[in-house]
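Trainee: Shown below is the structure under consideration.
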Amino acid sequence: MAIVEINDLQKTYDGGFQALKGVSLEIGEGEILALLGPNGAGKTTLISVLCGLVSPTGGQARIGGYDIVSDYRKARQLVGLVPQEISLEPFTKVIDAVRFSRGLFGLERDEAKIEHILKQLSLWDKRNNRTMQLSGGMKRRVLIAKALAHEPRVLFLDEPSAGVDVELRRDMWELVAKLKADGVTIILTTHYIEEAEAIADRIGVINKGALLLVEDKAALMERMGRKELRISLRAPVGAVPDALSRYGLELADEGGTLVYTYDTKGEATGITALLADLAAAGLKLADLKTTQSSLEDIFVGLTTETSGEDAA
Ligand SMILES: Nc1ncnc2c1ncn2[C@@H]1O[C@H](COP(=O)(O)OP(=O)(O)OP(=O)(O)O)[C@@H](O)[C@H]1O
């Protein structure tokens, strides 16, 4: 069942800038969705609209069935937000900061719950430290603890590993996996393709306010498993010879290159047979090169394609 339903969501800021151009998306309960996109793509705007911090100028969204505008309080109660910027009261003790966040939602004190959250984030030993005494990574954990204090069902993490070292980033990934096991739905934004690969169930690519793709990570990985063999010919051809039709070759470089795409996970690549058939068809090779498509290629391809449209 979808816990977050987004339908044609739009945001035009006061100055006229259109930061969201009609985003539609459904996120299932317990899912981890990574929103990948370059700076200024609209990721923070999308999260801010869903959390009720920025008002949409078109479309609708519901969280747990509650409209984010007309049923704002009920929708907001279901979400936790970990912002990009670290903003903590320096003199407040860790445990008090988390208790306070829970109180903001009108929930009764529940020390067992607070203890569970602090332990889950490895903050229990630091519970009586003032937040200013903590390292940057620990401060980020406090932000997560605060966001979890009212037991939200959906957690938004805006750039959780921005400015975080590699080790802490891995800790963060483990934590996300633990939260998922607890049934929390997680939507995170990131610039790091590696991060999306490591933890997401689904990956959404957003650029210039539009969602370009949402796909299961496994399906994207399947695409990544494809490789290209580029065969440069000594003499260009006008068309792919009929004798080679079964290979699905494409022509590039004005007939000077044949491009063969194959699955690296397949038992046989078909390359040996292809090369034999090429020779039989009388084609002479100048060079061979293989390239592997990666999530990064897909991402760069998608985001530059839309930049091109803008320029046109
Ligand atoms: N309050 C605002 N008023 C006008 N324009 C804004 C406002 N907030 C954001 N924008 C613009 O909207 C666009 C999207 O910004 P947003 O912060 O959502 O992007 P992002 O994908 O989160 O980027 P980043 O990865 O840099 O955080 C940017 O061009 C930004 O300048």
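The values are calculated or read from the model by the stated rules, or taken from the named source; none is laboratory data. Please read all numbers here as calculations on a predicted model, not as lab measurements. Note: ideal-geometry Cβ built from the backbone for every residue, glycine included; neighbour counts use all protein chains shown. Ligands, DNA and RNA are excluded from the accessible area calculation, which covers all protein heavy atoms including side chains. Shrake-Rupley method; radii C 1.70, N 1.55, O 1.52, S 1.80 Å.
Trainee: Suppose we filter the range 285-301 for residues that are touching a strand residue (DSSP E or B) at 6+ places or on another chain (Cβ under 7 Å) and at pLDDT 70 or above; how many remain?
Mentor: 9
Trainee: Mind listing whichever residues of the range 115-132 are open to solvent by less than 70 Å² (accessible area, probe 1.4 Å) and of a type in the set (D, E)?
Mentor: E115
Trainee: What residue, among those in the range 1-28 that are within 16 Å of the chain's Cα centre (by Cα) and open to solvent by 50 Å² or more (accessible area, probe 1.4 Å), is nearest to the ligand (Cβ to nearest atom)?
Mentor: By that ranking, first place goes to S24.
Trainee: Here's another thing I want to ask about it. Checking A112 against (1) of a type in the set (G, A, S); (2) crowded, with 19+ Cβ neighbours inside 10 Å; (3) outside any loop (DSSP other than H, G, I, E, B), which single condition isn't satisfied?
Mentor: Unmet for A112, out of (1) of a type in the set (G, A, S); (2) crowded, with 19+ Cβ neighbours inside 10 Å; (3) outside any loop (DSSP other than H, G, I, E, B): (2).
Trainee: Could you tell me which residue of the range 58-103 is most open to solvent (accessible area, probe 1.4 Å), considering only residues that are among the β-branched types (V, I, T) and under 24 Å from the mean Cα position of the chain (by Cα)?
Mentor: Per the stated criteria, the residue is I86.
Trainee: Separate question: Out of all the residues in the range 183-205, is one or more in contact with a Gly (Cβ under 7 Å, 6 or more places away or on another chain), more than 16 Å from the ligand (Cβ to nearest atom) and either within 27 Å of T57 (Cα to Cα) or open to solvent by less than 20 Å² (accessible area, probe 1.4 Å) (or both)?
Mentor: Within the range 183-205, one or more residues are in contact with a Gly (Cβ under 7 Å, 6 or more places away or on another chain), more than 16 Å from the ligand (Cβ to nearest atom) and either within 27 Å of T57 (Cα to Cα) or open to solvent by less than 20 Å² (accessible area, probe 1.4 Å) (or both).
Trainee: Among the residues of the range 113-135, is there at least one that is within 30 Å of E197 (Cβ to Cβ), in the same structural domain as L50 (by the TED database) and in contact with a strand residue (DSSP E or B) (Cβ under 7 Å, 6 or more places away or on another chain)?
Mentor: Scanning the range 113-135, I find no residue that is within 30 Å of E197 (Cβ to Cβ), in the same structural domain as L50 (by the TED database) and in contact with a strand residue (DSSP E or B) (Cβ under 7 Å, 6 or more places away or on another chain), so the answer is no.
Matching residues to (1) farther than 14 Å from L285 by Cα; (2) of a type in the set (G, A, S); (3) part of a strand (DSSP E or B); (4) open to solvent by 60 Å² or more (accessible area, probe 1.4 Å):
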position	(1), (2), (3), (4)
L229	no, no, yes, no
S232	no, yes, yes, no
P236	no, no, no, yes
S245	yes, yes, no, yes
E254	yes, no, no, yes
T261	yes, no, yes, no
E267	yes, no, no, yes
L275	no, no, no, no
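Trainee: Return only the number of the condition from (1) farther than 27 Å from V300 by Cα; (2) more than 12 Å from the ligand (Cβ to nearest atom); (3) in contact (Cβ under 8 Å) with a residue 40 or more places away in the chain that E31 does not satisfy.
Mentor: Exception for E31: condition (1).
The rows are residues; the columns are (1) among the small types (G, A, S); (2) closer than 30 Å to V184 by Cα; (3) without any contact (Cβ under 8 Å) to a residue 12 or more places away in the chain.
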| residue | (1), (2), (3) |
| --- | --- |
| N207 | no, yes, no |
| A210 | yes, yes, no |
| K217 | no, yes, no |
| D242 | no, no, yes |
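Trainee: Give the residue that is nearest to I193 (Cα to Cα), with candidates limited to residues of the range 34-55 that are more than 10 Å from the ligand (Cβ to nearest atom) and surrounded by fewer than 23 Cβ atoms within 10 Å (Cβ to Cβ).
Mentor: C51
Trainee: Let me ask another. When K217 is evaluated against the numbered criteria (1) open to solvent by less than 40 Å² (accessible area, probe 1.4 Å); (2) among the charged types (D, E, K, R); (3) out of contact with any Ser or Thr (no Cβ under 7 Å at 6 or more places or on another chain), which criterion, by number, is the only one it fails?
Mentor: Of the numbered conditions (1) open to solvent by less than 40 Å² (accessible area, probe 1.4 Å); (2) among the charged types (D, E, K, R); (3) out of contact with any Ser or Thr (no Cβ under 7 Å at 6 or more places or on another chain), the odd one out for K217 is (1).
Trainee: Tell me which residues, restricted to the range 213-247, are at pLDDT below 90 and more than 30 Å from A279 (Cβ to Cβ). Write out each step before concluding.
Mentor: Start the filter on the range 213-247 by keeping residues that are at pLDDT below 90, which leaves 213, 217-228.
Correct list: L213, K217, A218, A219, L220, M221, E222, R223, M224.
Trainee: Condition test on V94, is it of a type in the set (A, V, I, L, M) and modelled with pLDDT of 95 or more?
Mentor: Yes; evaluated as a whole, the condition is true for this residue.
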